[in-house]
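Here's the structure, in structure tokens; my notes come after.
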Amino acid sequence: RTARFTLDPAFTVGAVNPRLFGSFVEHLGRCVYTGVFEPGHPAADAEGLRGDVLDLVRELGVTTVRYPGGNFVSGYRWEDSVGPAGDRPRRLDLAWRSTETNRFGLSEYIAFLKKLGPQTEPMMAVNLGTRGVAEALALQEYANHPGGTALSDLRAEHGDKDPFGIRLWCLGNEMDGPWQTGHKTAAEYGRLAAETARAMRQIDPDVELVACGSSSQAMETFAAWEATVLEETYDLVDHVSLHAYYEPHDGDLDSFLASAVDMESFIENVVATCDHVGARLKSKKRINLSFDEWNVWYMAKTQAEVSALDWPEAPRLLEDNYSVLDAVVLGSLLIALLRHADRVTVACLAQLVNVIAPIMTEPGGPAWRQTTFFPFAQASRYGRGEVLDVRVDSPTYETEKYGEADLLHATAVRAEDGTVTVFAVNRSRTGALPLDVALSGLDLTEVVEHSALADADPDARNTLAEPDRVVPHPVDGTALGDGRLTAVLEPLSWNVIRLR
Ligand code: AHR
């Protein structure tokens, strides 16, 4: 059976905030060291930043980079990460049982963003695990105050005369998780987040603040956590965070392919909770969502990997090698975010390099694109504009986790110049899916491109030995005529169909 939907510019979801295409650099494994930063590498610049990685990050189209964690931030002492590199202390990183050299710190992070270009903005987390209001304020003053105070002058002394201008701040990380150093109850965290937010706004009322929501929809405290935290922080923060990682359980690929069902319900439940608190507080303000960690992550093996560590520097950790199937799921998660662009105004693919990442590197060697690189890069490039309201009429399939799920998952974005891009995933592992889209009120005459990521072997991957094994390919036969777009979506495929 054919999957169908209608596109009509009169029916929209909302404008895409470029911050939807954010990413995340944590001091974890080799994300920083031998990832973005490797002094002495043939492609490294004078600051030790790898030029080959910078090129790939630009190609990926990343718009914000969250830093420095993650779980790492709950033990982070920002003072350790500034000043002459040779004087910086080595510290235990409790989150990842590693030794942190602090060779890469705040100034290097800002230098990295500057090299990426003005389209990429910082998103800095403060430590609300082992620290509190005073340290957050000190960091903010060091980073953002123009000069004439001890901490802003110290920044200048350290070689950064210009303030960093960090606007977007996370108030801690996953404070609902018992694994978090300094884990708190919702009431404890809500108070601390509120006091930190209030104080940070005393320095600068225009900072944008993200309060920690839940580490996943499956957390026992989910929704009650958000409600309690927001009761304390509603007038003081702009966003609440969501984190979600997906992997197949017991080989159940059909449920894994429908992971976006969970992601969409998570988003909708958080929106409902935010609006419920807003209604109770009789507030006109709307809290938006920062989905600041999301990805496919084969997490089951991580705990054992981390427990076995004896405080090494930059160990190989969470280095998932993604398949075509993983990339199709990731594409579907991107579609879920775009479908909720009215409320999800920040999102960060976790993470950027080596650690559950679209970009891989070898120390002293090359950098290459994982399969998951392609859907993200295409969505960032063509997913800017107004999201059209797509309601699919699709054949379905049975999943153990989510019951009946649509085989087609889709969205469409209309750019300012009137071109429209359809993003579509066919979740079927066995069958091609015919697609028929009715175009109403859209003056489109030409299929510019239909690109697909699919492979006869859904387990195919890019590796150091074969870095270009998987790349998107053009699809023939996609047609536009008589107000209809028709296409055939290959089994297990991520598709980008561009129309003008
Ligand atoms: O991204 C890896 C880890 O996942 C982060 O450190 C943490 O916030 C989450 O649990």
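We did not get these values from a lab; they are worked out from the coordinates using the rules stated. The structure presented is a predicted model; accordingly, all values stated were derived computationally and were not measured. FYI the Cβ positions are ideal-geometry reconstructions off the backbone, even for glycines, and counts take in every protein chain you see.
Let me make sure I get this right: for the range 80-156, a, b and c are the square roots of the gyration tensor eigenvalues over alpha carbons, sorted descending. Under 1.5 in a/c it's rounded, otherwise prolate if a/b > b/c, else oblate. Which is it? Can you show the working numbers first?
Working: a/c = 1.43, a/b = 1.20, b/c = 1.20.
Because its axes are fairly even, with a/c under 1.5, the range 80-156 counts as rounded.
Applying 1/(1 + (r/R0)^6) with R0 = 22 Å to the Cβ-Cβ distance of Ala415 and Thr486, what FRET efficiency is obtained, to the nearest 0.05? Mind dumping the intermediate values first?
Numbers: r = 22 Å, r/R0 = 1.00.
Once the sixth-power term is evaluated, E becomes 0.50.
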Subject >> Distance from the range 209-287 to the range 168-204 (C-alpha centre basis), Å >> reply: 16
Subject >> DSSP-defined antiparallel bridges as percent of all bridges, the range 17-148, nearest 5 >> reply: 40
**OP:** Please sort by residue number the trypsin sites (Lys or Arg not before Pro) in the range 334-399 whose DSSP state is loop and whose Cβ has at most 11 other Cβ atoms within 10 Å.
**Re:** Arg391
Original post:
For the chain, what is the mean residue ellipticity at 222 nm derived from helices alone (per DSSP H run of n ≥ 4: -39500 (n - 2.57); sum divided by total residues; nearest 500 deg cm²/dmol)?
Top reply: -8000 deg cm²/dmol
**OP:** Rounded to the nearest Å, what's the spacing between the alpha carbon centres of the range 369-411 and the range 69-146? Just the number, please.
**Re:** 35
Subject >> Two-decimal ratio, the range 433-500, of alpha-carbon radius of gyration to 2.2 N^0.38 Å >> reply: 1.34
Subject >> Efficiency of FRET from Cβ geometry, Asp8 and Arg286, R₀ 22 Å, rounded to 0.05 >> reply: 0.30
Original post:
Among Pro458, Ile166, Tyr402, whose Cα lies farthest out toward the positive end of the dipole of the chain, if unit charges sit on the beta carbon of Lys, Arg (+1) and Asp, Glu (-1)?
Top reply: Ile166
Original post:
Hey, what did the range 17-382 get for relative contact order, percent, Cα under 8 Å, at least 6 apart?
Top reply: 23
Original post:
What is the antiparallel percent of DSSP beta bridges lying wholly in the range 17-382, to the nearest 5?
Top reply: 20
Original post:
Setting aside same-chain residues fewer than 8 positions from Lys401, which aspartates and glutamates have a Cα under 17 Å from its Cα?
Top reply: Glu247, Asp250, Asp252, Asp254, Asp262, Glu264
Original post:
Charges only on Cβ, +1 for Lys and Arg, -1 for Asp and Glu: so what's the dipole of the chain about the Cα centre, in debye to the nearest 20?
Top reply: 720
Original post:
By count of other Cβ within 10 Å, fewest leading, how are Lys114, Lys284 ordered?
Top reply: Lys284, Lys114
Original post:
If we count other beta carbons within 10 Å of each Cβ, what is the order of His249, His41, fewest first?
Top reply: His249, His41
Original post:
Counting only pairs 8 or more places apart or on different chains, how many lysine pairs in the range 17-382 have C-alpha atoms closer than 30 Å?
Top reply: 6
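Find the percent of Cα-Cα distances in the chain that exceed 28 Å, and round it to a whole number. The partial results should precede the final answer.
On the way: 65512 of 124750 pairs.
Tail of P(r) above 28 Å: 53 percent of Cα pairs.
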Subject >> the range 461-500: mean projected area of Cα convex hull, nm² >> reply: 3.8
Original post:
Can you pull the three principal axis extents for the Cα set of the range 384-500, in Å, largest first?
Top reply: 45, 37, 25
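What is the gain in length, in nm to one decimal, between Asp275 and Asp252 on full extension, counting 0.36 nm per residue of separation less the C-alpha to C-alpha distance? Present the calculation step by step, with values, prior to reporting the outcome.
On the way: separation 23, 0.36 × 23 = 8.28 nm, distance 3.47 nm.
Going from the current span to full extension adds 4.8 nm.
Fully extended, how many nm does the chain gain between Asp204 and Ser440 (0.36 nm per residue separation, minus their Cα-Cα distance)?
Working it through step by step, the gained length comes to 80.3 nm.
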